[in-house]
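J.: First the structure, then my questions, so here it is.
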Amino acid sequence: MAKIPFQAARGTRDLYPEDLVLVRHLERTARNLARSCGFAEIRPPLFEETRLFRRSLGESSDVVDKEMFSVPRRGEAQGDSYTFRPEGTAGVARAYVNGGFAARAPLQKWFYLGPMFRYEKPQKGRERQFNQFGVEAFGSPSPILDAEVVDLAMRFFEALGFGAELEVRVNTMGDAADRDLWRARLAEYFEPQLEQRCADCRQRFQRNLFRLLDCKQAQCIELNAQAPRLKELLGGASAAHFAGFLEAMRALGRQPVEDAGIVRGLDYYTRTVFEVHYPQLGARSALCGGGRYDGLVEEVGGPPTAAVGFAIGFTATELALAELELPPAAQLADLHAELAPEVFLVAVTDEDRLPLLGLAGHLRAALGVPVLLDYRDKSFKAQMKEAGKSGARWAVLLGPDERAAGEVVLRDLQSRSEERVAQEDLAGRIAGATAQA
RNA sequence: GUGGGUGUAGCUCAGUUGGUUAGAGCACCAGAUUGUGGUUCUGGGGGUCGGGGGUUCGAGUCCCCUUACCCACCCCA
């Protein structure tokens, strides 16, 4: 490859107009769906004080341990460093507290769209900057809310065209007390068998006990079969919550798959946790993760507040869509039509260029549609070529004859038919024809 | 952080056992007589063969280093 002085930073990519067609489609789908469920958009800053993430995600999480994009502060006292958000929940919870919602309007259902940052080694389906769609609902411990949140995630993928194989896997992490008990039991159970387990598991035993449960090594899977199950240690309130959640899911017509291996990587989860999978995609089938985090708001300085949410990564979603050949060709063509101009103005001679510029301004103001013309001194014929290639519906031709008569030639580039139209009637004529079609 | 693969025009790739001025398709630009597009034809611009070093009479082709990207592991969206 030729020597290029600069390139996009590792793990980042440029989204060109062509790429944004799909991104906007995802965002539009997310916005419409979220709004229909009563979620309002929120946009917290892209970076926060580092300690917010340390506190909320947990010191031992991989994200905090080695994946943070942090920048030192300068000249501002000895403040904490800043970190570009590796996920959305912590910042949204912080915003909830700062906005004083706990006191004035505790029930809030919010969603966000935007980039997240993790300092990881990039590979397929993983970037250092990636977009997420997430929702967070604060102020209710009701399992009905959990179910509605999960349902929203499912509907997002359904709206994009994912088929009936879409699957939601659920589990419960219990509350803090349940988890302490479970952690102790697991430690007792795992310790004597460490010798027989894989090296990764011996590492995990120190770092994050729960992760031993979703190890993929054959011998570890076997050993996990007899491991103490949280479900059996669950306190009454947590058990009732999980049962209520499953019931609400059924009321929504969902059949969640219970999977004790769903153990999310961040510390803040309590009770309900879930992932949306599309098994057809194999190893990369997880498209969405989320759950309840009743302790987080308090953790970041607010009053005890129940909350539940999820995050969907667009990188994985885009990969999955490509795999499934979605959106279908016809819809994709419609989406790409956004890039095409409506009208392309063509000058027959150089003397027609300035009058055409005036006409362009007039049409843009009157119609509010994209109107293009040539800026490269192309010949009349070349301009026609460009008009055709641009995907414009209409070509408007202006030559000396038309100029003398105060008219233009309006050509329909699809039907190849054309007519002469008075310049003052042009906008109305185009608007009329478009409305008819 | 660990391991593997790849790196030739904007894009997708050819380049024989190392041998003269490095090619194709697509894209781009311009023409194919007088004011009309998407097909076709002709012509054109564009590459220090990722970078550095070495072997050789001679390297895109062999060796070493380096860098970027990709893929897998870890972990996750």
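J.: At 4 °C and a viscosity of 1.567 mPa s, what translational diffusion coefficient does Stokes-Einstein give for region A:366-408, taking Rh as the Kirkwood radius over Cα pairs? Give it in µm²/s as a whole number.
T.: On the way: Rh = 11.7 Å.
This corresponds to a translational diffusion coefficient of 110 µm²/s.
J.: What's the local net charge at A:Leu166, with K and R +1, D and E -1, over the other residues with C-beta under 13 Å away? Present the calculation step by step, with values, prior to reporting the outcome.
T.: Numbers: positive: A:Arg155, A:Arg169, A:Arg254; negative: A:Asp151, A:Glu158, A:Glu165, A:Glu167, A:Glu275.
In short, -2.
J.: Now a separate question. Please compute the per residue accessible area over chain A with all protein chains in place, 1.4 Å probe, rounded to a whole number of Å². Don't skip to the end; give the middle numbers.
T.: On the way: 22140 Å² over 437 residues.
For chain A, the solvent-accessible area averages 51 Å² per residue.
J.: Using a 1.4 Å probe, how large is the accessible area of A:Ile221, given in Å² and rounded to the nearest 10?
T.: 90 Å²
J.: Can you run the Rg to Rh ratio on region A:192-304? Use alpha carbon positions and the Kirkwood inverse-distance Rh. Intermediate values should be presented prior to the final figure.
T.: Details: Rg = 16.2 Å, Rh = 16.3 Å.
Result for region A:192-304 is an Rg/Rh of 0.99.
J.: Are there any chymotrypsin sites (Phe, Trp or Tyr not before Pro) in region A:367-437 that are in a DSSP loop and have at most 10 other Cβ atoms within 10 Å? List them by number. List each step's numbers first, then the result.
T.: Working: sites: A:Tyr375, A:Phe380, A:Trp394; in loops: A:Tyr375.
For chymotrypsin sites (Phe, Trp or Tyr not before Pro) across region A:367-437 that sit outside H, G, I, E and B with at most 10 neighbouring Cβ atoms in 10 Å, the list reads A:Tyr375.
J.: Same structure again: According to a simple spin-label model (label point 7 Å from Cα along Cα-to-Cβ), what is the distance in nm between A:Ala337 and A:Asp65?
T.: Label-label distance for A:Asp65 and A:Ala337, simple model: 5.2 nm.
J.: I've got another one for you. Could you tally up the Lys pairs in chain A with alpha carbons closer than 21 Å? Skip any pair fewer than 8 positions apart unless they're on separate chains.
T.: Details: A:Lys66/A:Lys121; A:Lys66/A:Lys124; A:Lys124/A:Lys216; A:Lys378/A:Lys389; A:Lys381/A:Lys389.
Number of lysine pairs found: 5.
J.: Let me ask something else about it. Using a 1.4 angstrom probe on heavy atoms only, work out the carbon and sulfur share of the accessible area of region A:340-430 in %. List each step's numbers first, then the result.
T.: Details: 2500 of 4840 Å².
The nonpolar share, carbon plus sulfur, comes to 52 percent.
J.: Of all trypsin sites (Lys or Arg not before Pro) in region A:216-245, which ones are in loop regions per DSSP and have a Cβ with at most 16 other Cβ atoms within 10 Å?
T.: Details: sites: A:Lys216, A:Arg229, A:Lys231; in loops: A:Lys216, A:Arg229.
The qualifying sites are A:Lys216, A:Arg229.
J.: Apply the Karplus parameterisation 6.51 cos²θ - 1.76 cosθ + 1.60, with θ equal to phi minus 60°, to every residue of region A:29-35 and state each ³J(HN,Hα) to the nearest whole Hz, in sequence, with x for glycine and proline.
T.: Karplus-based 3J(HN,Hα) across region A:29-35 equals 4, 4, 4, 4, 5, 4, 4 Hz.
J.: Follow-up question, since we're still on this one. Compute the longest continuous run of chain A that contains no exposed GluC sites (Glu not before Pro); treat a site as exposed when its DSSP state is not H, G, I, E or B and it has at most 12 other Cβ atoms within 10 Å.
T.: Values: sites that count: A:Glu59, A:Glu76, A:Glu165, A:Glu325.
For GluC sites (Glu not before Pro) (loop position, at most 12 other Cβ atoms within 10 Å), the longest site-free span of chain A is A:166-324.
J.: Put +1 on the Cβ of each Lys and Arg and -1 on the Cβ of each Asp and Glu in chain A; which of A:Tyr16, A:Thr305, A:Ala422 then has its Cα farthest toward the positive end of the dipole?
T.: A:Thr305
J.: Just the projected area, averaged over all directions, of the convex hull on the alpha carbon atoms of chain A: how many nm²? Don't skip to the end; give the middle numbers.
T.: On the way: hull surface 117.7 nm².
For chain A, averaging the hull's shadow over all directions gives 29.4 nm².
J.: Tell me which residues come under 5 Å, amide H to amide H, from A:Thr305 once H is placed; ignore anything under 5 positions away on its chain.
T.: Under 5 Å from the amide H of A:Thr305 lie the amide H atoms of A:Val297, A:Glu298, each far enough along the sequence or on another chain.
J.: Quick one: what are the phi-derived ³J(HN,Hα) couplings along region A:249-261, Karplus 6.51/-1.76/1.60 with θ = phi - 60°, whole Hz, x for glycine and proline?
T.: Using θ = phi - 60°, the values come out as 4, 5, 4, 8, x, 9, 10, x, 9, 6, 9, 5, x Hz.
J.: Which of these, A:Gly291, A:Gly406, A:Gly302, has the largest mean-square fluctuation under a Gaussian network model of chain A (Cα springs below 10 Å)?
T.: So, out of A:Gly291, A:Gly406, A:Gly302, the one fluctuating most is A:Gly406.
J.: Explain nothing, just compute: Karplus ³J(HN,Hα) = 6.51 cos²θ - 1.76 cosθ + 1.60, θ = phi - 60°, for every residue of region A:110-118 in order, whole Hz, x for Gly and Pro.
T.: 10, 9, 9, 9, x, x, 10, 9, 9
J.: Multiply the residue gap between A:Glu165 and A:Glu41 by 0.36 nm, knock off their C-alpha separation, and tell me the result in nm, one decimal place. Don't jump to the answer; show the numbers that get you there.
T.: On the way: separation 124, 0.36 × 124 = 44.64 nm, distance 2.95 nm.
This chain segment gains 41.7 nm when fully extended.
J.: Where does chain A land at 222 nm, in deg cm²/dmol rounded to the nearest 500, when only DSSP H runs of n ≥ 4 count, each adding -39500 (n - 2.57), divided by all residues? Working shown, then result.
T.: On the way: 18 runs with 181 residues, N = 437.
For chain A, the value works out to -12000 deg cm²/dmol.
J.: Seen from all sides and averaged, what is the projected area of the convex hull of the Cα atoms in region A:340-430, in nm²?
T.: Numbers: hull surface 20.3 nm².
Answer in nm², one decimal: 5.1.
J.: Estimate the FRET efficiency between A:Asp377 and A:Glu419 by the formula 1/(1 + (r/R0)^6), using the beta-carbon distance for r and 41 Å for R0, to the nearest 0.05. Don't jump to the answer; show the numbers that get you there.
T.: Values: r = 28 Å, r/R0 = 0.68.
The formula returns an efficiency of 0.90 here.
J.: Report the charge-dipole magnitude of chain A in Debye, nearest 20, computed about the Cα centre from +1 at each Lys and Arg Cβ and -1 at each Asp and Glu Cβ.
T.: Details: 55 positive and 61 negative charges, 164 e Å.
Approximately 780 debye in magnitude.
J.: In addition: Note the full-extension length gain between A:Glu258 and A:Arg28 as 0.36 nm times their separation in residues minus their Cα-Cα distance, in nm to one decimal. Intermediate results must be reported in sequence, preceding the final value.
T.: Numbers: separation 230, 0.36 × 230 = 82.80 nm, distance 3.12 nm.
Full extension from A:Glu258 to A:Arg28 adds 79.7 nm.
J.: Amide H to amide H under 5 Å from A:Met173: which residues, 5+ apart in sequence or cross-chain, H placed 1.01 Å off N in plane?
T.: HN-HN under 5 Å from A:Met173: A:Arg271, A:Thr272, A:Val273.
J.: Whose amide H sits under 5 Å from the amide H of A:Met116, counting only residues 5 or more places off or on another chain, with H placed in the peptide plane?
T.: A:Phe130, A:Asn131, A:Gln132
The values are calculated or read from the model by the stated rules, or taken from the named source; none is laboratory data. Given the structure is predicted, the values throughout are model-derived calculations rather than measurements. Ideal geometry is used to build each Cβ from the backbone, glycine not excepted, and the neighbour counts take in all protein chains shown. Note: areas computed on protein heavy atoms with side chains; ligands, DNA, RNA excluded. Shrake-Rupley method; radii C 1.70, N 1.55, O 1.52, S 1.80 Å.
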